[in-house]
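The values are calculated or read from the model by the stated rules, or taken from the named source; none is laboratory data. Just so you know, these numbers come straight off a predicted model, no measurement behind them. Positions of Cβ are backbone-derived with ideal geometry, glycine not excepted, and every protein chain shown enters the neighbour counts.
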């Protein structure tokens, strides 16, 4: 029982913190694609920041503190826009850090 309560407490703490969701996405071919994805994701009130890399086929969404965007909602939003999400990973990296790494890699 204690372990279940402890796990629930950790889950609540994790949900309360801002996080970044990194997705590998097929179908990104141009700047217009990147703009469309960014615009779509920024409509969600939980979104704090977004970065899209055509070269890496990467879309990263940073959520606002205390909010979350379910994986299925992200998958559905991008699928409806014509893209295929092949991987979703939650990370502690900020979108700013991802943007800097992409810039350092020349992408």
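Computed quantities for the displayed model
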{"item": "Residues satisfying the stated conditions in region 59-71, i.e. in a loop (DSSP other than H, G, I, E, B) and over 12 Å from residue 23 (Cβ atoms)", "result": "64, 65, 66, 67, 68, 70"}
{"item": "Test result for residue 29, over 21 Å from residue 100 (Cβ atoms), at pLDDT below 95 and in a loop (DSSP other than H, G, I, E, B)", "result": "yes"}
{"item": "Qualifying residue in region 79-89 (condition: more than 21 Å from residue 32 (Cβ to Cβ) and surrounded by 13 or more Cβ atoms within 10 Å (Cβ to Cβ))", "result": "yes"}
{"item": "Close pairs from region 88-99: first within 19 Å of residue 77 (Cβ to Cβ), partner at pLDDT below 95 and in a loop (DSSP other than H, G, I, E, B), Cβ under 6 Å, at least 6 apart", "result": "90/19"}
{"item": "Search result, residues across region 42-55 that are under 17 Å from residue 24 (Cβ atoms) and at pLDDT 95 or above", "result": "50, 51, 52, 53"}
{"item": "For residue 19: the one exception among (1) touching a helix residue (DSSP H, G or I) at 6+ places or on another chain (Cβ under 6 Å); (2) at pLDDT below 95; (3) crowded, with 18+ Cβ neighbours inside 10 Å", "result": "(1)"}
{"item": "Selection from region 49-68 of residues that are within 12 Å of the chain's Cα centre (by Cα) and surrounded by fewer than 18 Cβ atoms within 10 Å (Cβ to Cβ)", "result": "64, 68"}
{"item": "Cβ-Cβ under 9 Å pairs, at least 6 apart or on other chains, region 44-58 side on the phi > 0 side of the Ramachandran plot, far side surrounded by fewer than 16 Cβ atoms within 10 Å (Cβ to Cβ) and outside any strand (DSSP E or B)", "result": "57/27"}
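Every residue, every condition in (1) out of contact with any strand residue (DSSP E or B) (no Cβ under 6 Å at 6 or more places or on another chain); (2) within 14 Å of residue 52 (Cβ to Cβ); (3) not in a helix (DSSP H, G or I), yes or no:
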| site | (1), (2), (3) |
| --- | --- |
| 73 | yes, no, no |
| 76 | yes, no, no |
| 85 | no, yes, yes |
| 89 | no, no, yes |
| 93 | no, no, yes |
| 97 | yes, no, no |
| 103 | yes, yes, no |
| 106 | yes, no, yes |
